[in-house]
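Following: one structure in structure tokens, then a few remarks.
The values are calculated or read from the model by the stated rules, or taken from the named source; none is laboratory data. All of these numbers come straight from a predicted model, not from anything done at the bench. We place every Cβ from the backbone using ideal geometry, glycine too, and count neighbours over all the protein chains shown. Surface accessibility is based on the protein's heavy atoms, side chains included, excluding ligands, DNA and RNA. Shrake-Rupley method; radii C 1.70, N 1.55, O 1.52, S 1.80 Å.
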Amino acid sequence: MTTVTWDREPATPRGPGPFLSVRDLSVQFSTEDGIVHAVDRLSFDLEKGTTLGIVGESGSGKSVSNLSILGLHDKAHTKIGGEIWLEDQELVSASRSTLERLRGNRVAMIFQDPLTSLSPYHTVGRQISEVFRKHKGASKAESRARAIEMLDRVGIPQAKTRLEDYPHQFSGGMRQRVMIAMALVCDPDLLIADEPTTALDVTVQAQILDLLKDLQQDFGTSIILITHDLGVVAKTVHNVLVMYAGRAIEQGTVQQVLREPHHPYTWGLLASMPKLNSNVDLPLLPVRGTPPSLLNPPSGCPFHPRCDYRDLVGPDLCSTERPELSPADGHRDACYLTLAQKREIFNGKIKERL
Amino acid sequence: MFRFFVRRVIGAAVILLIISAVTFFLFYAIPRDPARAFCGKICPPQNLILIRHNLGMDEPLFVQYWHWLVGIFTGRDLVQFGQCDAPCLGYSFATQESVFSAIIDRFPVTISVTMGAAVVFLSFGIITGMIAAWQQGRPLDKIASTTSVIGASLQIYFVGPIVVFFVVDSMGLLPRPSYIPFTEDPLGWFVHLLIPWVVLSIIFTANYTRMTRSVMVEQLAEDYVRTARAKGMSSRTVFLRFAWRGAMIPIVTIFGVDLATLFGGAIITEQTFTLHGIGELAVRAVQNTDLPMLLGVTLVGAFSIVVLNIVVDVLYAFIDPRVRLA
Ligand SMILES: Nc1ncnc2c1ncn2[C@@H]1O[C@H](COP(=O)(O)OP(=O)(O)OP(=O)(O)O)[C@@H](O)[C@H]1O
Ligand code: SF4
Ligand SMILES: [Mg+2]
């Protein structure tokens, strides 16, 4: 397994660094109700050929932060701060044409619902081949051949004839394969998969994940996998990023985060999610309280209104001062509890519930 | 495909039957006796009875309706007017002319007015709506949106005379509106109808601008449009090839719904510019309690709308591959 370093280095100028480096990313939407702080000073790195899993409850900013990598936010209503480095290219400040050349080419994305995410008006062959034509300047015939090759590679039988079919003529799992074929047609270096299996049944889910794994092995693609499913995380990813209220609150390898989570929110999250190998009929415990408002995020630690342990920290540190991720490397989390306290609480009363 | 057409033709026949029946029976709810119109100033009661008999009006209602209906397919012998060949829609009570030939004479006028206006408002409405959506929130969008609100409140009978006054009378830019058959003089047909087209299309243009803008904005937020952007398609391609494709469906739907309103607007337009179309026939038929003419006009209007709606459904299948004609 590749090790990941989470060190913070000055963003510019950059020496050799991680393959993808997100630095202090902030995304704010201006809406009628006010400013939505969807992502707040988020930083993470991704090494070549590895998979990063991003977890967190609905609304924690997983999709929004990843859409910024592709520059897919509507400029008029969105303010984006910070930096996103893809090797030596900065993406937040990149021009529209630079981003257009990048999208679908070096960086590709697959979405949750393959039915709504594919155009119902065009054949899958056309939807796949147009990406190849656009980015590689291939001829019609070449890109058609490439589309067949891709459909074949993602395991769609009779690729040649299915090319002329429309998305609604495919089953859910096959449609997601089409999405993957489309995303991979230009051999991207980075693949962002936003809940790629949520809409699929369990067997198909496993097939799709295996497919992604194989592709990573064959082509060295780096993958960001956004998911709600800890079973998927356990089986597929190398490193995990836990998000809460648009921030990173815990990062580490998959073992670290799933086996000995440090942050009280991660505990709640793990306890609230169904486990693949749970043998006891423990009821799922949703995280107490309601998700934070992003129009008016809580001060200090964003989790403090829902946290059971803030009294251990002191009178009001949790509600006034934002905890930063620490330590600088390895398994990090943003919580004022001491490492000893975290271990004690986790081993004492959390572990048995997971 | 074949099943689709069979089904739709049967459906259309049923609709036309219902519409004609409703018109027929409603007409008899109006307390006025058309026989009087034929009878002259001094009208002895026995004459009146004779005329009623000759018009077939002394028979039970449904029998009269049945004769009328059968006449369309077989023709009929009308005592008052003589032989009437199929398709027989009877003779006008008011002018004595054959209803069918009166309608056929005027049909090209109304079709020219409505379809020409449709071309004008569809192209203008859709183009300005697309510009507004493309420029979302920027000045051009605001101008387009405001203009369309003003446009939507302008009435045909109000705008029509004003336009004629300025464009025809004061500036002499265009000839006074009238109908010249396309087959005789295409250019004349065009320039003489330009004002009616534009005036009739003003209200619709505004609607289509607003609608196109909003469906485009909606489409731009669709997942599949986001996918198109995520794979590096240029904004123009995304706009014109992906979002527009989805926007066409609601636009075509509304156009189908608007057809009846469009024919209604054509009646007002023909009145405003004294064009001798079906609308004029309709207005006169109502004024004169002219049952055969009224029925004929209603039937032809409904027929056109039904046919155009079938065309709209076929269009759906072209736009959206998920639609099966069955
Ligand atoms: N265009 C937008 N305008 C305003 N608010 C937005 C916009 N897009 C996202 N948000 C808000 O930003 C927050 C983060 O959304 P995001 O989609 O990233 O959540 P997520 O973590 O992906 O959740 P899920 O698991 O449900 O997909 C949400 O509260 C959402 O309502
Ligand atoms: S910083 Fe305080 S409030 Fe936040 S998670 Fe830790 S203990 Fe709870
Ligand atoms: Mg999401």
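Some observations on this one:
- Among the trypsin sites (Lys or Arg not before Pro) found in segment B:237-326, those both in a DSSP coil and sparsely packed, with 10 or fewer other Cβ atoms within 10 Å of their Cβ, are B:R324.
- Using R0 = 51 Å, the C-beta based FRET efficiency linking B:Q80 and B:I162 works out to 0.70.
- Minimum 20 Å² accessible area buried by the other protein chains, segment B:285-325 residues, probe 1.4 Å, relative to alone: B:P321, B:R322
- Partner aspartates and glutamates for A:K140 [C-alpha distance under 12 Å; skip if fewer than 8 residues away on the same chain]: A:E130
- Heavy atoms of A:I249: accessible area, 1.4 Å probe, square angstrom to 10: 10 Å²
- Net charge dipole, segment B:2-84: roughly 340 debye, given to the nearest 20, about the Cα centre with Cβ charges of +1 for Lys and Arg and -1 for Asp and Glu.
- Contact order normalised by residue count of segment B:167-248, Cα under 8 Å, 6+ apart, percent: 19 percent
- Residue (of A:F29, A:L354, A:F19) at the positive-pole extreme of the protein assembly as shown, dipole from beta-carbon charges: A:F19
- Extension reserve of the B:F25-B:V70 stretch, reckoned as 0.36 nm per residue once the Cα distance is removed: 14.5 nm
- When nucleic acids and ligands are ignored and a 1.4 Å probe is applied, B:K142 ends up with an accessible area of around 120 Å².
- In this simple spin-label model, placing a label point 7 Å from the Cα along the Cα-to-Cβ direction at both B:T237 and B:I127 gives a separation of 2.6 nm.
- Summarising the amide proton neighbourhood of A:V39: residues at separation of 5 or more, or on other chains, whose placed amide H is nearer than 5 Å comprise A:V27.
- For peptides A:295-307, B:35-47, sequence by mean Cβ density within 10 Å, most packed first: A:295-307, B:35-47
- Within segment B:55-87: backbone nitrogen closer than 18 Å to the B:Q96 label point (7 Å, Cα to C-beta): B:55-56, B:78-85
- For B:H276 and B:L140, a Förster radius of 45 Å and the Cβ-Cβ distance give a FRET efficiency of 0.65, rounded to the nearest 0.05.
- Spin-label model, B:T147/B:I18: points 7 Å from Cα along the beta carbon direction are separated by 4.1 nm.
- Per-residue SASA entry for B:Y65, accessible area with 1.4 Å probe, Å² rounded to 10: 20 Å²
- Among the residues of segment A:112-141, those with an accessible-area drop of 20 Å² or more from chain alone to full protein complex, heavy atoms and 1.4 Å probe, are A:T116, A:S117, A:S119, A:P120, A:Y121, A:H122, A:R126, A:E130, A:V131, A:K134.
- In the elastic network of chain A, a GNM with C-alpha springs shorter than 10 Å, the most mobile of A:D214, A:D329, A:D33 is A:D33.
- Taking all protein chains together and a 1.4 Å probe, the residues A:D40, A:D187 rank A:D187, A:D40 from largest to smallest accessible area.
- Per residue of B:218-227, other chain Cβ atoms within 10 Å of the residue Cβ number 5 on average.
- Here the sum of -39500 (n - 2.57) over DSSP H runs of 4 or more residues, divided by the residues of chain A, equals -9000 deg cm²/dmol at 222 nm, to the nearest 500.
- In this structure segment B:213-326 gives 39 Å² per residue of accessible area when probed at 1.4 Å with all protein chains present.
- Cα→Cβ-extended label distance, 7 Å offset, between A:T203 and A:D316, nm: 5.9 nm
- Against the main long axis of the alpha-carbon atoms of chain A, helix A:124-136 sits at an angle near 80°.
- Take the Cα of B:I10, go 7 Å toward its beta carbon, and the backbone nitrogen atoms of segment B:304-326 under 14 Å from that spot belong to B:326.
- Shown here are the Rg and Dmax of the Cα trace of segment B:106-319, at 19.5, 66 Å.
- Portion, in percent, of the accessible area of the protein assembly as shown that falls on carbon or sulfur, probe 1.4 Å: 60 percent
- Partner chain coverage, peptide A:250-259 - average Cβ within 10 angstrom: 0
- Between A:G289, A:G59, A:G268, the Gaussian network model of chain A with springs among Cα atoms under 10 angstrom shows the greatest mean-square fluctuation at A:G289.
- Solvent exposure of segment A:257-353 amounts to 57 Å² per residue of accessible area, where only protein heavy atoms count and the probe is 1.4 Å.
- Exposure ranking of B:W189, B:W197 by accessible area [1.4 Å probe, largest first]: B:W189, B:W197
- In summary, the lysines within cross-link reach of A:K351, defined as a Cα separation below 24 angstrom excluding same-chain residues under 8 places away, comprise A:K235, A:K275, A:K342.
- When the Cα positions of B:I30, B:C43, B:V9 are compared along the charge dipole of segment B:2-84, B:V9 comes out farthest toward the positive end, with charges on each C-beta of Lys, Arg, Asp and Glu.
- Residues of segment A:82-109 buried by at least 30 Å² of accessible area upon assembly of all protein chains, compared with the chain on its own (1.4 Å probe): A:E100, A:R103.
- Here chain A is treated with +1 on each Lys and Arg Cβ and -1 on each Asp and Glu Cβ, and its dipole about the Cα centre works out to around 620 debye.
- Simple point charges give the picture: +1 on the Cβ of Lys and Arg, -1 on the Cβ of Asp and Glu, and for segment B:29-144 a dipole about the Cα centre of about 440 debye.
- Here the Karplus relation 6.51 cos²θ - 1.76 cosθ + 1.60, evaluated at θ = phi - 60°, turns the backbone of segment A:60-77 into coupling constants of 7, x, 5, 5, 4, 5, 6, 5, 5, 4, 8, x, 8, 7, 5, 4, 5, 10 Hz, with x for every Gly and Pro.
- Cross-link partners for A:K134 among the lysines, with Cα-Cα distance under 28 Å and sequence neighbours closer than 8 places in the same chain left out: A:K48, A:K75, A:K160, A:K213, B:K231.
- Alpha carbon convex hull of segment B:272-326, projected area averaged over orientations, nm²: 5.6 nm²
- Computed FRET value (nearest 0.05) for A:A340 with A:R101, which takes r as the C-beta separation and R₀ as 41 Å: 0.20
- For segment A:181-234, the spread of Cα positions along each principal axis, largest first, Å: 28, 18, 17
- Accessible surface ranking that places the most exposed of A:H262, B:H276 first, with a 1.4 angstrom probe: B:H276, A:H262
- Beta bridge orientation in chain A: antiparallel %, DSSP, nearest 5: 60 percent
- Interchain or long-range residues, amide H under 5 Å from A:A248's placed H: A:S43
- Chain A packed on chain B takes about 2200 Å² of accessible surface away from a 1.4 Å probe, both sides summed.
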